[in-house]
Every structure is written in structure tokens, then in C-alpha cells.
Amino acid sequence: MAASMKLSVVVPCYNEEEGVHELHRRVSAICQTCVGDSYELIFVNDGSKDATWKIMGKISRTDEKVVAINLSRNHGHQLALSAGLQMCRGERVFVLDADLQDPPELLPQMMARMDDGCDVVFGQRIKREGETFFKKASAFVFYRLLGRMVDIDIPRDTGDYRLMSRRAVDVLNSMPEHHRFIRGMVSWIGLRQEALPYERSARFAGETKYPLSKMIRFAIDAITGFSVRPLRLASYFGICFGIATLLLLAYVFVHYFTGHSVEGWTSLAVIVLALGSVQLLVVGVLGEYLGRLYVESKGRPLFIIQEVIASPELSARLDAPKKVTAK
């Protein structure tokens with residue numbers, strides 16, 4: 001690593017052809033303001049189907065500060081971000097998304113807080129423009145449910161938009177899990193972390209790359225990656241249905257000894273269906289955790305890098321093992 005590299009900016013990109021040029025312009029300008037020429041801008045193409053990679057390559061060939069990384073396929077946002085974090089070499093690492101909803105212009109404030117001793121300065125949304133009611137409501141519920149489920153303190157209403165110190169990034173890079181919830185992993189690290197409140201803007205261009213199915217998958221990864229409480233569902237349901245069974249037995253005995261016949265085919269069918277549903281739910285939760293163990297046991301790399309376009313100086317330090325492994 002060049003000793004003078006003060007800042008790395010990591011940006012995962014997926015089908016962002018309409019906004020890459022504006023992203024490059026704004027990020028380059030704010031980096032020049034903060035650290036002069038001592039920075040690198042790492043674009044990670046996560047298997048885009050449009051012209052994103054072509055545009056990134058052109059920018060990299062004309063700007064020696066830009067490193068364009070092309071993954072072999074679509075690995076997902078969290079793994080694309082992980083690839084960029086593995087490749088960056090700055091003393092501080094600034095992470096943001098390509099849609100420009102999180103303003104790069106807050107970098108000076110983050111840098112100032114890190115100068116005061118912070119290891120992580122993360123953006124915390126106080127307003128979200130250009131998003132649907134469903135997106136805002138689901139995010140509100142998700143972060144509050146997550147806070148009750150997990151065993152660490154994950155700040156509410158935050159994304160991956162943050163500035164991290166080199167030691168925080170090194171610890172993060174040492175974590176090998178495949179199902180990654182990076183904002184939770186950063187919270188798990190500890191160290192001194194502070195929030196920077198801001199108003200989130202609407203997308204600069206294009207459409208969201210997180211449909212409902214990906215949001216659900218992301219939420220499951222977040223909960224199962226940091227909590228074993230779902231595994232306790234079996235115990236909770238067992239206790240609840242055990243108490244319900246005792247109450248039902250008491251009801252049956254009382255009616256039997258008072259000479260009343262007990263009718264209940266409908267209620268019996270409902271009880272059987274309820275028990276069956278609970279059992280399937282518990283099996284599904286167990287399967288989710290077991291599936292994670294299965295994937296981790298394979299020991300496959302987190303991502304595969306197909307191509308890197310950078311200046312000769314930067315290309316020389318991007319050694320081959322770093323391109324294909326996650327550790």
C-alpha cells in the first residue's frame with residue numbers, strides 16, 4: 001500500500017449506466033477538497049446487464065484515480081461491497097451507493113469526526129425522499145424488529161453509507177461469512193462509532209435494485225446472522241401449546257364429570273392444523289440456519305473478480321490472490 005494513500009472510496013454498481021458519470025464527478029470533487037490527490041475511487045461492477053461496466057472502464061482509463069473492478073457475475077450488493085473493501089488500500093474508507101441518494105458532500109463532516117477519534121462515522125437517515133410509503137414503512141418495521149431480535153446494537157435507519165478507519169476495515173475483511181449484513185458486522189466490531197444525521201435524497205437516475213424479494217432475503221440474512229432467537233421459537237411455541245393443552249384437558253374433564261358431552265370436531269381440526277403449521281414454521285427456521293452452515297462449510301471464495309482496469313501503478317499492487325479470494 002502506498003503510504004500516502006489517505007482515502008479510498010468504494011462504490012458497488014449494478015445497472016447504473018445513467019448515473020456513473022455524475023457519481024464520478026461529485027465524488028472526485030469532494031475527494032479533491034478533502035485529501036487532494038491522495039485518494040482512489042473503486043467502482044465495483046456487480047454483473048450489470050447494461051453499459052455500466054463499459055462506462056466504468058472508460059472513466060478508469062482517463063482518470064488514474066479510478067479502479068474499475070468487474071465481478072464474474074451478479075454476486076449481490078453486500079458481496080460486491082466486500083470485494084471493494086478487500087481491494088481498497090486507503091487509511092480511511094468511504095462507502096456509498098451509486099444511486100447518489102446518500103450525498104458524497106457529507107464526507108468533510110465525517111472526516112472531521114474521525115479526526116476527533118472515531119473509527120466509524122455512519123449516516124443516519126432522518127428523512128427519505130423519493131421512496132414509496134411501503135418502502136418507508138417496511139424499513140421502519142425492519143429496523144425496529146431487528147433491534148429486538150439481535151444481540152448487538154445496530155443503529156436504526158442506517159445503510160452502508162459510512163466512513164471507516166483502516167483498522168475497522170481490516171477487522172471487517174477478516175470476517176469470512178458468505179451471508180453478509182455489513183452494517184451489522186460493522187456494529188459488531190465495536191470501537192468508537194458515531195452517527196451523522198442527514199436527509200436522504202431521491203435517486204439521481206434509474207430505478208431501485210432492491211425489489212421486495214431481495215428485501216426479504218436481506219432481512220432474513222440480517223436476523224439469522226446476528227441472532228439465535230428464531231431457534232427458540234420451538235421452545236416458545238411448545239410452552240404456549242402446552243399451557244393451551246392443559247386448559248383444554250381441564251375443560252374436557254369438567255364437562256365429562258358434569259354429564260355434558262364434549263363436541264369439538266371443528267375445534268380439534270383447528271388445533272391439529274395449528275400444531276402442524278407451527279411445526280413447519282420451526283422446521284423452516286431450523287432449515288434456514290442449517291442452510292447457512294452448509295454454505296459456509298464449502299469454503300468457497302466470496303466473489304470472483306473477472307477483470308480490473310486501473311492505472312499501471314495501481315495495477316501493480318492489485319496482486320492476483322486478492323482478486324479471487326475473500327480473505
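The values are calculated or read from the model by the stated rules, or taken from the named source; none is laboratory data. The structure displayed is predicted, hence computed values, not measured ones. So basically every Cβ, Gly included, is an ideal-geometry build from the backbone, and we count neighbours across all protein chains shown.
Only one entry of Ser48, Ser82 meets the criterion of being part of a loop (DSSP other than H, G, I, E, B), closer than 25 Å to Ser201 by Cα and not basic (Lys, Arg), and that entry is Ser48. For the stretch 20-42, a residue qualifies if it is touching a Cys at 6+ places or on another chain (Cβ under 9 Å) and in contact (Cβ under 8 Å) with a residue 40 or more places away in the chain, and the qualifying residues are Val20, Leu23, Tyr39, Glu40, Ile42.
Would you be able to say whether some residue in the stretch 218-225 is acidic (Asp, Glu), at pLDDT below 80 and in a loop (DSSP other than H, G, I, E, B)? Checked the stretch 218-225: no residue is acidic (Asp, Glu), at pLDDT below 80 and in a loop (DSSP other than H, G, I, E, B). Note on the stretch 163-201: among residues that are assigned to a loop (DSSP other than H, G, I, E, B) and hydroxyl-bearing (Ser, Thr, Tyr), the one that is surrounded by the most Cβ atoms within 10 Å (Cβ to Cβ) is Ser201.
Within the stretch 44-58, the set of residues being free of Cβ contacts under 8 Å to residues at least 40 places away in the same chain and buried (at least 21 other Cβ atoms within 10 Å of the Cβ) comprises Asn45, Asp46, Ser48, Thr52, Trp53, Ile55. All told, Met149 meets the bar of being modelled with pLDDT under 70 and among the aliphatic types (A, V, I, L, M). Just to check your reading of the model, which residue among Leu85, Leu71 is modelled with pLDDT of 90 or more and buried (at least 19 other Cβ atoms within 10 Å of the Cβ)? Every option except Leu85 fails the conditions. Applying the selection to the stretch 28-56, what residues are of a type in the set (A, V, I, L, M) and more than 17 Å from Ala83 (Cα to Cα)? Scanning the stretch 28-56 gives Ala29, Ile30, Val35, Ala51, Ile55. Of all residues in the stretch 103-130, count the ones that are farther than 16 Å from Ser165 by Cα and either touching an Asp or Glu at 6+ places or on another chain (Cβ under 9 Å) or crowded, with 22+ Cβ neighbours inside 10 Å (or both). Qualifying residue count, the stretch 103-130: 7. Taking every residue in the stretch 180-198 that is assigned by TED's automatic domain parsing to the domain that holds Phe122 and charged (D, E, K, R) and pairing it with any residue that is modelled with pLDDT of 85 or more and assigned to a loop (DSSP other than H, G, I, E, B), at least 6 positions away or on another chain, the pairs with Cβ-Cβ distances below 8 Å are Arg192/Gly117; Arg192/Cys118; Arg192/Asp119; Glu194/Cys118. One residue alone among Asp46, Asp37, Asp63 is within 26 Å of the chain's Cα centre (by Cα) and at pLDDT below 90, and that residue is Asp46.
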